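Structure first, commentary second.
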Amino acid sequence: MREQIEETSLIVTLLNHHREKIARVWAEMVHSLPDSHYGERPLEELHASILRALEGIIEAISTHSYTALERYLTDVSLTRLQMGFDISEVIEALLLCKEAALPFVWESCSPGSQEAREAIVQLDECQRYMIGRFGSLYAEEIHRSLEKQRKQIAQMLTESLSLGRVTASLLEEIDLIEVLDIVCTEAQTLTGAIGSTIFLLDLERDGWLRVARSTGVASPSLEHIPIEKSLTGLAIREGKHFMSNDPASEKQSFRMRGEEELASLLAVPLCVKGVVIGALDMVNKPRGFTQEDIRIINLFADQAAIAIENARLYQQAQELAAAQERQRLARDLHDAVTQTLFSTSLIAEVLPDIWEKDPDEGNRLLKEVRQLSRGALTEMRALLLELRPAALVEAKLDVLLRQLAEAASGRTGVLITVTVEGECEIPSDVHVAIYRVAQEALNNIVKHTHANQAAINLRCNKPNMNDGKRLVELHIHDDGRGFDTACVSPDQMGLRIMRERTEAIGAMLEIVSEPDSGTQITMVWKEDKGQGMDFKNKGGTGE
């Protein structure tokens, strides 16, 4: 036992005496390792690190305490892993410890002596401990790193799925109010805030924002806030997010909420194609907002802004379509019902005088008044159908066609017959398209053809025995003046409207006309056609 202590003391003395030299040699050997990250590190950094290793080795050999060596290996496993070192590089560097120390052992002891053998045994034991312990520590650090990455990936996946659901919901919704509700609610959910508000630019007050929607608590107490003097407006002015977990300390002169209510605020501008349309803010998150909240809400705001703008454009398009439809109905009312009633009124005023002078003429005019009145009534019913699109779909085609024919006859006296063959059980879009084509064709007959007679024939065939598909044919012809198709553009005289209607349902439209030979229109629809057939313009009715 005493000899062992003496031998150990000899090794410790040796390492202590040559510590700087051994550290320098060891550091240079490590720095020279081929294809290693160690070559990228400063030599002085390696020298300082190896001195710590030698201190731990000396302590372990002399006292059998591995505290210093454990601390060194723990630091190395963490720092080298963060630097991107492979475990094999570090182990190779640790193995150089013995090679760096041996020359100094040979200087003090004969290579074959007992002292030399014992020194080598001590170094081997210490080296085995270092490599084994380092491997365990390195594995633990990799495990912690992977677990951290796993949690980050899981969090990002959760956020991605959440954003995906939000985006899908926003794209499915076209009602502006519903979109605004989704944006506010999901903004709260994603950030953990207890209140959220959407502000849109006030088009009536330049430099102001208006509250479009708000959810949760600590909602704005005002309906409008200035962009220049508000924290939410600051996000718009700077074109980036604004976050404060102590809004009361911010220098501003305008408060849209009571200071006692606002504990934290995160606001982001809402932009579409580089143009600001408003801002989104979240308030009062417990323990305050974080950089993660900023990251996720910036991603969300991009999607939300697009959805809000799309919903706004859809609403504007709906309003424009409604205005255009009102104008069209007003025009139809003027062209049809108003003029018919005006003619009826004029005839009714002179009818008593004419009846006294010429009863036969009076009787003819009386029949004309009755015809005009019936026509006006039919026109009014047709316009009421236009106001209720659902009623247009629900009504049977034969009833609709007869109403159109009666209205046209009432306006001009043209004799129009309607025949319907078979049961027309067809999709609603085909139903409406047939009605519109017939409506446009009769308008053209009334306005331009000077026809005496016209006929509408609708034939609804049963499903074909071979392919099980239904076939519907609409034929409209008149004995009017017709026209030269070479002189008429397909986009004129209502032809474009009829063509678009038939192409939309995958049907065929054929128009045949010649001067003084009348006009014939044929529309054919076969169930489940993939696309509309070519528009075959061989003439037309005129508009």
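Each reported figure results from applying straightforward, stated rules to the coordinates on display, with no laboratory input. The shown structure was predicted, so the numbers you read here are calculated from the model rather than taken from an experiment. Quick reminder, even Gly has a Cβ in these numbers, built from the backbone with ideal geometry, and neighbours come from all protein chains shown.
In this structure, the amide hydrogen of Arg470, modeled 1.01 Å from its nitrogen in the peptide plane, lies closer than 5 angstrom to those of Asn464, Glu527, counting only residues at least 5 positions away or on a different chain. Only Cα sites of region 2-147 enter the Debye sum here, all with the same form factor; the resulting log10 I(q)/I(0) across q = 0.15, 0.19, 0.22 1/Å is -0.75, -1.14, -1.44, listed in q order. Summarising the label geometry, the points placed 7 Å from Cα in the beta-carbon direction at Ser110 and Glu44 lie 4.5 nm from one another. Annotation: amide H of Val420 within the under-5 Å range of Leu458, sequence separation 5 or more or interchain, hydrogens built in the peptide plane.
Computed 3J(HN,Hα) for region 58-67, one whole-Hz value per residue from the Karplus formula 6.51 cos²θ - 1.76 cosθ + 1.60 where θ = phi - 60°, is 4, 5, 5, 6, 7, 10, 6, 9, 9, 4, glycine and proline marked x.
Length gained on full extension, Thr189 to Ala139: 14.3 nm, using 0.36 nm per residue less the C-alpha separation. Working from label points 7 Å from Cα in the Cα-to-Cβ sense, the Lys98 to Gln453 distance is 11.9 nm. Subtracting the Cα-Cα distance of Lys148 and His17 from their residue separation scaled by 0.36 nm leaves 42.7 nm.
When the Cα convex hull of region 176-306 is projected onto planes of every orientation, the mean area is 7.2 nm².
Exposure proxy shown here: for Met508, Met498, the number of other Cβ atoms within 10 Å sets the order, fewest to most, as Met508, Met498. Dimensions of region 9-60 from C-alpha coordinates, computed as largest minus smallest value along each principal axis and given longest first, are 38, 15, 14 Å. Summary of packing: across the peptides 431-440, 128-137, the per-residue average of other C-beta atoms within 10 Å ranks them, highest first, as 431-440, 128-137. Annotation: peptides 501-507, 17-23, ranked by per-residue average of other Cβ atoms within 10 Å with the highest first, follow the order 501-507, 17-23. Per-residue Karplus couplings for region 31-38, computed as 6.51 cos²θ - 1.76 cosθ + 1.60 with θ equal to phi - 60°, are listed in order as 5, 8, 4, x, 6, 10, 5, 4 Hz, Gly and Pro entered as x.
Scalar couplings 3J(HN,Hα) for region 297-310, obtained by applying the Karplus form with A = 6.51, B = -1.76, C = 1.60 to θ = phi - 60°, are 6, 5, 4, 5, 4, 4, 5, 5, 4, 5, 5, 5, 5, 4 Hz; x denotes Gly and Pro. Using only side-chain charges placed at the Cβ, +1 for Lys and Arg and -1 for Asp and Glu, the dipole size of region 176-306 relative to its Cα centre rounds to 200 debye. On a 30 Å Cα-Cα criterion, which of the cross-link pairs Lys229/Lys285; Lys367/Lys462; Lys98/Lys148; Lys151/Lys229 come out too long? In this structure, Lys367/Lys462; Lys98/Lys148; Lys151/Lys229 lie more than 30 Å apart at Cα.
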